[in-house]
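Step one of this worksheet: look at the structure below.
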Amino acid sequence: MDLKFKQIQLQYQGYLNTPLLWKTHEVFGLKQLELNKQDHLVFNEMIPDNLRLGKRVERFVTAELEKNKHIHVLLENIQIQNEKLTIGELDCILKRDETPIHLEIIYKFYLYDPNLGSTEIEHWIGPNRNDNLLKKLTKLKNKQLPLLHNIYTKPHLDTLNLKAESIWQRVYFKAQLFIPYHANTIDFRLLNKDCLKGFYIPFSEVEQFATCKFYIPNKIDWLIEVQTQIDWLPYNQFLEKITVLINKKTAPLCWVKFPKGAVQKFFVVWWD
């Protein structure tokens with residue numbers, strides 16, 4: 001199998017294996033599109049190397065939806081414009097059986113900061129602290145989903161013979177979650193504990209892993225489950241590489257192989 005094709009398959013499988021951030025109930029009034037798991041899905045497209053992670057995930061979502069016999073994708077990436085001014089974008093309009101659905105797609109990596117906020121939702125933050133779960137949910141609820149009912153969206157719906165008020169709204173929000181190394185029990189009342197993929201640690205504390213081996217995947221490979229047949233880095237080489245990233249205030253996702261062979265994903269963060 002071509003190496004590039006194999007890498008894309010690993011990304012696709014990692015995406016498929018990532019659970020929804022919550023299930024069955026609503027969070028912030030937002031309902032998830034819940035799909036039955038399909039086995040043995042293969043991604044048959046080639047993807048440009050420079051296609052960033054978010055757009056890559058959108059391709060994977062489309063591929064998954066198209067393999068579902070109950071779903072028919074009608075429109076994707078719909079630019080809503082007032083003359084030359086772009087107001088926003090709808091990710092997807094589809095039909096599930098006979099029900100039209102407006103779907104917004106989100107894939108995130110969040111770290112649990114017990115010192116941030118006071119609620120379960122407020123504790124989850126992006127690796128570089130420049131985004132957070134509360135901000136994303138607020139944007140979905142107040143900006144992205146209401147766009148369906150905007151006057152400038154109507155012409156797109158007209159082409160499908162659909163009216164905004166007859167369209168259900170759902171999100172497809174997947175996430176990988178990371179908690180502090182050796183953290184006490186984390187509260188999972190709203191969110192899906194199955195999204196836990198590893199831990200994070202401040203750069204100042206990585207020395208405790210001096211006997212481990214490491215790998216630093218490219219960002220598009222953050223989706224991938226930890227692989228064992230790779231060129232693991234010894235601690236001194238790993239430290240050299242992440243020092244450069246940390247000095248740029250970038251928190252890398254890494255893989256660690258412990259002396260007894262256990263492997264795990266983790267973030268090294270520049271903040272304490």
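A compact table of results
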{"read-out": "Low-density loop positions, trypsin sites (Lys or Arg not before Pro), the stretch 188-237 - DSSP coil, at most 11 other Cβ in 10 Å", "value": "Arg189"}
{"read-out": "Gain on full stretching of the segment that runs from Ile151 to Glu225 - 0.36 nm per residue minus C-alpha separation", "value": "22.3 nm"}
{"read-out": "3J(HN,Hα) from dihedral phi, the stretch 15-27, Karplus parametrisation 6.51/-1.76/1.60, rounded to Hz, x for glycine, proline", "value": "4, 4, 7, 7, x, 5, 5, 8, 9, 6, 9, 8, 10"}
{"read-out": "Bridge type composition, the stretch 198-269 - antiparallel percent by DSSP, nearest 5", "value": "65"}
{"read-out": "Candidates Glu120, Glu240, Glu34, ranked by Gaussian network fluctuation over the chain, Cα under 10 Å, top entry", "value": "Glu240"}
{"read-out": "The stretch 3-187: relative contact order in percent, alpha carbon pairs under 8 Å with at least 6 residues between", "value": "25"}
{"read-out": "Using θ = phi - 60° and Karplus 6.51 cos²θ - 1.76 cosθ + 1.60, couplings along the stretch 58-70 (whole Hz; Gly, Pro as x)", "value": "4, 4, 5, 4, 4, 4, 5, 5, 5, 8, 8, 5, 8"}
{"read-out": "Footprinting exposure proxy for His182, His102 (fewest neighbouring C-beta atoms within 10 Å first)", "value": "His182, His102"}
{"read-out": "Farthest positive-ward along the stretch 15-140 dipole, Cα basis, beta-carbon charges - from Tyr107, Asn132, His70", "value": "Asn132"}
{"read-out": "Distance violations [Cα-Cα > 25 Å] among Lys213/Lys241; Lys219/Lys260; Lys37/Lys193; Lys154/Lys174; Lys23/Lys108; Lys143/Lys163", "value": "Lys219/Lys260; Lys154/Lys174"}
{"read-out": "Whole-Hz ³J(HN,Hα) from phi, Karplus 6.51 cos²θ - 1.76 cosθ + 1.60, for the stretch 238-247, glycine and proline x", "value": "4, 4, 4, 5, 6, 4, 4, 5, 4, 5"}
{"read-out": "Glu89 long-range amide H proximity, modeled H, under 5 Å", "value": "Ile80"}
{"read-out": "Ellipticity estimate at 222 nm from DSSP helix runs (n ≥ 4, -39,500 (n - 2.57)) divided over the chain, nearest 500", "value": "-6000 deg cm²/dmol"}
{"read-out": "For Leu51, net neighbour charge (Lys/Arg +1, Asp/Glu -1) across residues whose Cβ lies under 14 Å away", "value": "+2"}
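Here, each number is a calculation from the coordinates, and none is a lab measurement. Just so we're clear, the structure is a prediction, and the values are computed from it rather than from any experiment. Methodologically, a virtual Cβ is constructed for each residue, glycine included, from the backbone with ideal geometry; neighbour enumeration extends over all protein chains shown.
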